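The structure appears below as structure tokens.
The values are calculated or read from the model by the stated rules, or taken from the named source; none is laboratory data. Bear in mind that the values here come from a model prediction, so they are computed numbers and not experimental data. Cβ placement follows ideal geometry from the backbone for every residue including glycine, while neighbour counts extend to all protein chains displayed. All accessible areas refer to the heavy atoms of the entire protein, side chains included, with ligands and DNA or RNA removed. Shrake-Rupley method; radii C 1.70, N 1.55, O 1.52, S 1.80 Å.
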Amino acid sequence: MTLRARIAAAAGLAVALAVIAAALAVYLGVRGQLRGEVDDSLRRRAETVVQFFDRGPQRPGFSEGPPAIPPPRSEPFGGPEGVQLLLPGGRMLGRPGASARFPVDERAREIAAAGSGTYLTDIDEDYFVHLRVLTQGIPGGGAVQVARPLDEVDRQLERILVVLAFVGAGGIALGAGLGALVARTALAPIDRFTRRTEQLATDPDPSVRMEVEGGEELERLARSFNATLDALE
């Protein structure tokens, strides 16, 4: 590989890495923002349910049957939340008339048994949509689980990823072109110096001297070459 090709490749690689890093930072930032909004909504909803059960002497008892869970509120990025309760023993209580329940893992059962703690996770199974689930302990025992589908967030992220892929590809192509241009500009003085030395080698004339120009390195090389010509003369 020639020196020009190596310089062009290095410059293009540097630009490509910068473009990829910027695209990744944008994607992760947007993803964190969108999922953060979902998480905040789940925390607010879970806190509402926990406060409903934490009323001191009027605290509803789980032994009295399925309690009246406060109705969900419609929110952006996925619609209303799904709510279900976990008894300290691990039994689930869903909203009356709910068509489906989301699965419960071991950590959620531990929080229900302790009646304290918070746990956020994703659920994505063949028979479920992609869900974001928050499990929050209820003082005195049990836990509330609030879930929201992430379908809308996923679609937004897919669109952003496609845009970033096109922008990244264009940036990499532009970086390759700029790398070739930089290599050509940077090596132009060396090309002139090489052509001049080739002319002197073809038609030796010790009285001819090289022009001292092109930057510090090329000037030192020209002076050294001229010193050689002085010795030959």
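Structure above, values below:
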| read-out | value |
| --- | --- |
| Matching residues in region 183-200 - criterion: being open to solvent by less than 80 Å² (accessible area, probe 1.4 Å) and not aromatic (Phe, Trp, Tyr) | ALA183, ALA186, LEU187, ALA188, PRO189, ILE190, ASP191, THR194, THR197, LEU200 |
| Residues located in region 1-51, provided they are polar (S, T, N, Q) and in contact (Cβ under 8 Å) with a residue 40 or more places away in the chain | SER41 |
| Single condition VAL49 does not satisfy, out of (1) loosely packed, with under 11 Cβ neighbours inside 10 Å; (2) outside any loop (DSSP other than H, G, I, E, B); (3) at pLDDT below 85 | (1) |
| All positions within region 128-144 that are of a type in the set (A, V, I, L, M, F, W, C) and either part of a strand (DSSP E or B) or buried (at least 23 other Cβ atoms within 10 Å of the Cβ) (or both) | LEU131, VAL133, LEU134, ILE138, ALA143, VAL144 |
| Condition broken by SER74, with the remaining ones in (1) modelled with pLDDT of 55 or more; (2) within 25 Å of VAL30 (Cβ to Cβ); (3) open to solvent by 70 Å² or more (accessible area, probe 1.4 Å); (4) not charged (D, E, K, R) satisfied | (1) |
| Check on VAL162, farther than 25 Å from GLY89 by Cα, open to solvent by 30 Å² or more (accessible area, probe 1.4 Å), in contact with a strand residue (DSSP E or B) (Cβ under 6 Å, 6 or more places away or on another chain) and without any contact (Cβ under 8 Å) to a residue 24 or more places away in the chain | no |
| Odd one out for ASP122 among (1) farther than 30 Å from ARG31 by Cα; (2) modelled with pLDDT of 85 or more; (3) part of a strand (DSSP E or B) | (1) |
